[in-house]
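Below is one structure, written out as structure tokens; the observations come after it.
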Ligand code: SF4
Ligand code: SF4
């Protein structure tokens with residue numbers, strides 16, 4: 001394997017769907033020109049059907065001895081009718097961690113949630129981008145999305161009583177919603193059943209590139225907001241925050257004193273010709289030459305390349 005460092009957290013990512021029932025303004029899977037085509041469509045399409053099929057899954061998903069974790073991604077994975085079968089097969093092949101990334105809208109059907117867990121799913125990441133309908137539906141550009149995803153999250157929370165699985169919620173931070181982070185956290189934390197709440201910076205490709213000027217918020221402003229929110233939540237002493245709230249990927253120089261809250265960004269993997277390799281992506285994170293003396297250099301995930309090109313490096317300072 002060239003240039004691939006496998007850690008216990010490494011995952012094979014499997015694109016299962018070339019379509020989605022949301023239309024997020026920051027979607028990095030939609031093409032940058034008109035935002036209609038899903039880039040995953042080019043991977044998934046067979047005979048005009050934009051979904052991964054069993055032959056492709058057997059080719060690209062089969063377990064290798066190096067990696068124990070698999071993640072089903074999209075477009076939107078739950079639209080693929082073969083998903084339950086893929087999960088069962090993953091379990092049979094010996095994957096220990098079987099994860100689904102979803103916008104959560106179809107999880108409003110509790111029976112479907114039960115089928116997913118009975119099939120062997122043991123980690124689920126639900127994307128929710130606001131504390132209310134107005135913000136989430138505006139960002140997903142899908143009327144009714146908030147209510148459905150919220151119902152899906154409540155269903156999964158209720159199933160924690162019976163099943164053992166990790167439940168994570170992902171919130172993508174943009175100019176439109178980053179001031180809502182506190183309300184969002186105050187809505188999710190009381191469940192006391194959500195294992196992690198990940199506050200993500202967008203990957204500036206696809207729609208996120210197309211709508212960059214409407215969406216982008218500086219890393220500095222986001223970091224300040226998150227630090228202030230954490231301070232206010234700490235005063236209440238109501239919830240466990242450390243290990244639950246993660247901000248990612250945000251450079252550690254902006255989170256000094258709050259390093260525990262910075263999540264490590266995952267390097268997604270794929271299997272090609274029976275070899276594990278890094279999944280190619282349009283957006284990538286980089287560091288600057290001024291970063292070289294920084295004590296966090298090797299731990300820091302850097303910043304998005306398009307952001308660096310458009311906004312520059314003025315807000316980052318090497319920490320000695
Ligand atoms: S839910 Fe995910 S795949 Fe669907 S439009 Fe939004 S970001 Fe893209
Ligand atoms: S100075 Fe550079 S390497 Fe150091 S934390 Fe900031 S962005 Fe990362």
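Taking only the alpha carbons of the stretch 79-153, we obtain Rg and Dmax values of 13.7, 43 Å in that order. From least to most packed, judged by other beta carbons within 10 angstrom and beginning with the fewest, 259, 115 follow the order 259, 115. Exposure proxy shown here: for 179, 30, the number of other Cβ atoms within 10 Å sets the order, fewest to most, as 179, 30. The C-alpha atoms of the stretch 1-77 occupy a region whose extents along the principal axes are 39, 28, 21 Å, arranged from largest to smallest. Distance between the modelled labels on residue 279 and residue 297, one decimal in nanometres: 3.0 nm (7 Å Cα→Cβ projection). Using the average count of surrounding beta-carbon atoms within 10 Å as a protection proxy, the listed peptides 84-91, 197-204 rank, highest first, as 197-204, 84-91. Across all directions, the shadow cast by the convex hull of the chain built on its C-alpha atoms averages 16.3 square nanometres.
Set the Förster radius R0 to 22 Å, insert the Cβ-Cβ distance between residue 317 and residue 7 as r into 1/(1 + (r/R0)^6), and round the FRET efficiency to 0.05.
Numbers: r = 28 Å, r/R0 = 1.29.
The calculated FRET efficiency here is 0.20.
Shape call for the stretch 101-219 from the C-alpha gyration tensor, a ≥ b ≥ c root eigenvalues: rounded (a/c under 1.5), prolate (a/b greater than b/c) or oblate?
Details: a/c = 1.97, a/b = 1.82, b/c = 1.08.
It comes out prolate by the Cα gyration axes.
The numbers here are math on the coordinates, done by the rules we state, and not lab data. No experiment lies behind these values; they were computed from the predicted model shown. Here the Cβ is made from the backbone with ideal geometry for all residues, glycine too, and neighbour counts use every protein chain on show.
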